[in-house]
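Each remark here refers to the structure printed beneath this line.
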Amino acid sequence: MSSIKKLAGETIWYGGSTIAAKLINLLLTPFLTYTLANTSDYGKNGLVYALIPIFNIIFTYGFETAYFRFSGNKEGSTKLYSTASLSLFFSTILFTIILWFNKDLLGKSIGLEEYPGIIKLMILIIATDTLAAIPFARLRQEGRPRKFAAAKVLGIIVNVILTWFFIGYCPSHYAADHSGWVSLVYDPKLNPITYVLLANLIQSIITLLFLFREIMQVRFEFDTELWKKMMIYALPLILVGMGGMINETMDRLMIRWWLPGTEKFREEQVGIYNACYKLSILITLFIQAFKMSAEPFFFKQAEGVNPQKVYARVMKFFVIIISVMFLVVSLFVPVWKYFIGPKYWGGLGVVPVLLMANIFLGIYYNLSVWYKLSNKTIYGAWVTLLGAGITILINYFFIPEYGFVACSWATFLCYGTMMVVSFTWGQKHYRIPYAWKKLVAYLVIVGILFFIHKGLISIYPNTYFHFATGALLLFLYCRFLGLVEHKEFAKLPYVGKYFIRKK
């Protein structure tokens, strides 16, 4: 259990700081959805932030994971760090130049060719974030959570303050005759999303400056043979990452491409879907926090005795936590909906589908340990590309008829397929004794509870009844988990004493 406690501690530090940063950043969701006059503007924001993660994958080309994979030898840690950093530095310069000279084509691909300033800011954000990737990875690998947390949270606080300043303060204090100081930094003629991206860019620059000491530790020491090994390991991860981004964010772009109607209507639909996707906040935040701490943890555990048993127990606790989160969100959507503006409530029906889809994604992240540890990353590429193919096909054929509802079900089927295929292949190549029958039962039970609740409130649509039955079902599920997993919970610090039966 000590290894589970260690992962929990690392999740609290690395993941907790990521959650804190994301929560602060997510304050922008209600702010923007309530403040922006046009739903289509939030759609433009969704289109840009659908494209940024895709280019982040290309710019980093799997070197974060490769850095963790090759960091076992402490004697060569400086050489590894310098090789990885220099590789990303020079490739970032090259990729940035290529994008800059093709910014018109890039803008046209997402329907924002009329806003060149937005595209330029997007390119600079991608480049700046890439330069911070390996320094952040080193903080995680060396177990320096305080600086990692400070850098993440500080950057997001700056982003939120600047976004509020540009979007909330400046428009109401701008002087038409340019007599005020606000006119020096604000132009009302620019699309408001320009200022959202400007705040993000300033955040990225400040974060990079915060990592100045780590950056200065890079030596002009480039090991060509090590770099080749890292590239061989990392290249399939580009396909994994690209496929993942197609599954995770490109459905916004697909709505923009394939949904019939005017340009404004399509952007409005992107905005509604993007806002409702944010309501999977608890699950997505937990998954991101888990990923941040789990990747270095898994590689370190591989050096110990019987790591498969540890991975199986991690999976069990992960599914237990995330299934409870599903009920917390799905049974109380009438509360969570106020996180976004009323103009976006028309898409609330897709929230439970997206919640379960993200559960599948989180389980897949757990399962991916097998191909990363066995150096068979090409299998991860094939699994992710399969998911990407499902996403593209379903969206292509059904978006014209069902809009963003098709996107939610494409996400569900994509991640579900990836989860099943990865589990099947993983048990053949790197067997881990997952209690899969029990875990499947947990997911089926929360699904049944959701439909029971939905049926009850359709018979008696009363707000108090809605919350009362939701609370009752959530309590019954937690009580059920306590009975079934009594022995596991009894081993947990601070929690275990509540499960020790008195004789």
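Only the coordinates and a few stated rules stand behind these numbers; no lab work does. From a predicted model like this one, the values you see are computed outputs, not experimental measurements. FYI the Cβ positions are ideal-geometry reconstructions off the backbone, even for glycines, and counts take in every protein chain you see.
For region 29-112, with equal point scatterers placed on the C-alpha atoms only and solvent neglected, what are the log10 I(q)/I(0) values from the Debye formula at q = 0.14, 0.22, 0.24, 0.26 1/Å, to two decimals? Treating every Cα as an identical point scatterer, log10 I(q)/I(0) equals -0.69, -1.02, -1.11, -1.21. The modelled label-to-label distance between D104 and A175, using points 7 Å beyond Cα along the C-beta direction, is 3.9 nm.
Highest mean packing comes first when the peptides 205-214, 112-121 are listed by Cβ atoms within 10 Å, giving 112-121, 205-214. In this structure the amide hydrogen of G341, modeled in the peptide plane, comes within under 5 Å of the amide hydrogens of T33, Y34, none closer than 5 places in sequence on its chain.
In plain terms, the residue of C170, C407, C478, C276 with the fewest other Cβ atoms within 10 Å comes first and the most crowded comes last, giving C478, C170, C276, C407. The alpha carbon centroids of region 116-161 and region 339-354 are separated by 29 Å.
Sequence-ordered 3J(HN,Hα) estimates for region 337-342 from the Karplus curve with 6.51, -1.76 and 1.60 and θ = phi - 60° stand at 4, 6, 5, 10, x, x Hz, glycine and proline given as x. Note on the chain: dipole from Cβ charges, positive end direction compared against A441, G349, S82; the farthest Cα belongs to A441. Seen from a random direction on average, the alpha-carbon convex hull of region 75-183 projects onto 10.0 square nanometres. The ellipsoid that matches the Cα gyration tensor of region 373-423 has semi-axes, each √(5λ) in whole angstrom, of 26, 10, 6, with the longest given first. Residue exposure proxy: D41, D104, ordered by other Cβ atoms within 10 angstrom of their Cβ from fewest to most, comes out as D104, D41.
Using the alpha carbons alone, the radius of gyration of the chain stands to its Kirkwood radius in an Rg to Rh ratio of 0.96. Net charge dipole, the chain: roughly 2300 debye, given to the nearest 20, about the Cα centre with Cβ charges of +1 for Lys and Arg and -1 for Asp and Glu. The residue among T469, S109, L197 whose Cα reaches farthest toward the positive pole of the charge dipole of region 2-499, with charges on the beta-carbon of Lys, Arg, Asp and Glu, is T469. Once you have a ≥ b ≥ c as the square roots of the Cα gyration tensor eigenvalues for region 404-450, tell me rounded if a/c is under 1.5, and otherwise prolate or oblate according to whether a/b is larger than b/c. Note, shape of region 404-450 comes out oblate. Take the Cα of K309, step 7 Å toward its Cβ, do the same at E113, and the gap between the two points is 6.2 nm. Summing +1 for each Lys or Arg and -1 for each Asp or Glu among the other residues whose beta-carbon sits under 13 angstrom from that of I126 gives +1.
Across the chain, the mean sequence separation of Cα contacts (distance under 8 Å, 6 or more residues apart), normalised by length, yields a relative contact order of 22 percent. Note on region 419-488: with charges restricted to the Cβ of Lys and Arg (+1) and Asp and Glu (-1), its dipole about the Cα centre is near 260 debye.
Over the residues of the chain, the helix contribution to mean residue ellipticity at 222 nm works out to -25000 deg cm²/dmol, using -39500 (n - 2.57) for each DSSP H run of at least 4.
Cross-link check: pairs K44/K337; K228/K291; K454/K487; K278/K376; K343/K437; K44/K152 evaluated at a Cα-Cα cut-off of 31 Å; pairs beyond the cut-off: K454/K487; K278/K376; K343/K437. Protection proxy ranking, highest mean first, for peptides 448-457, 394-403: 394-403, 448-457, where packing is the per-residue count of other beta-carbon atoms within 10 Å, averaged. Does region 190-261 come out rounded, prolate or oblate by the C-alpha gyration tensor, with a ≥ b ≥ c the root eigenvalues, rounded set by a/c under 1.5 and, if not, prolate when a/b is larger than b/c and oblate if not? Verdict is oblate for region 190-261.
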